[in-house]
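Only the coordinates and a few stated rules stand behind these numbers; no lab work does. Just so it is clear, the structure is predicted and the values come from calculations on it, not from any experiment. Note that we place each Cβ from the backbone using ideal geometry, even for glycine, and neighbour counts take in every protein chain shown.
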Amino acid sequence: MKPAIAVTLLLLGLSACGGGGSSSNSPPPPPSLKSAQAPQQPYTIQSTTLTATDASGNTYTAIFSQTPNSGTVMFNGQTAYSSALSITILQNGATLATEASTDYYLENPFSPLGISGSTNGTSWYFLFNSSTPYPTTLTVGDSGPVGSGTYYDATTNAAIGSLTETYSVTANDPTTVLLNVYASGMLNGNQESETITYTVDASGNIALSSVQVTVNGQTLTFT
């Protein structure tokens, strides 16, 4: 789980023909996967580059990675495991926004504690007020809460915003379902909104599919 990027950081047929008293039928495509094992958290997402284009022809690039760290650290008075997450957004090759953050959590069972990071040079941390684990099986049509909490300024410890995450599971193809994670809230007076979509196969293997964010007032879907 992660906060939305401060620049204000998604997703599918059968045919037959006939006539003249005779018909020719193509075999139907295999049905979409209906359920999958929930992926093990924390997720490992190797550095992935996604692209988007706006109505004016500008090209945007999002570089996303998520990697669990080894060992344990102290966070908010608790011994915790951690995972590093990085997002960089470029417009026509020039860096537009960056976010580097660290997720903190307990294991066995997985339980998120909070996040620390910086967005475009501003340091903050985030504490979860509540969290809800995913079901052990993700079934198309599932949806519900993931977690919510409060942002704090890393220097003054003053509350500077809040975030709520929810999820849904939608059909994709015969071998995977889509796990859509939605984040929305406020940070330093700025509205935050982001959707990250992963593909998950029947065994729970996960891969990044798309990221939808609002950049300079327009919604872009990176694929």
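Quick notes
- Taking other C-beta atoms within 10 Å as the exposure proxy, Glu192, Glu99, Glu107 rank Glu107, Glu99, Glu192 from fewest upward.
- Sparsely packed chymotrypsin sites (Phe, Trp or Tyr not before Pro) within segment 71-110, loop by DSSP, other Cβ within 10 Å at most 10: none
- Which of Ser143, Pro133, Pro30, positive extreme of dipole for the chain (C-beta unit charges): Pro30
- An oblate overall shape is assigned to segment 34-222, the ratio a/c of its alpha-carbon gyration tensor axes (a ≥ b ≥ c) being 1.5 or greater and a/b not exceeding b/c.
- Integer Hz, Karplus 6.51/-1.76/1.60 couplings in order for segment 162-174, x for Gly and Pro: 8, 8, 10, 10, 9, 9, 8, 10, 10, 6, 10, 7, x
- Shown in residue order for segment 73-81 are the 3J(HN,Hα) couplings computed by the Karplus curve 6.51 cos²θ - 1.76 cosθ + 1.60 at θ = phi - 60°: 9, 8, 9, 6, x, 10, 6, 9, 8 Hz (x for Gly and Pro).
- Here the contact order of segment 34-222, divided by its residue count and restricted to Cα pairs under 8 Å and six or more residues apart, works out to 17 percent.
- Gyration tensor verdict on segment 26-74 (Cα atoms; rounded if a/c is under 1.5, prolate if a/b is larger than b/c, oblate otherwise): oblate
- Sequentially through segment 101-111, phi angles give Karplus couplings (6.51, -1.76, 1.60; θ = phi - 60°) of 9, 10, 8, 10, 7, 9, 10, 6, x, 5, 8 Hz, Gly and Pro residues having no value and appearing as x.
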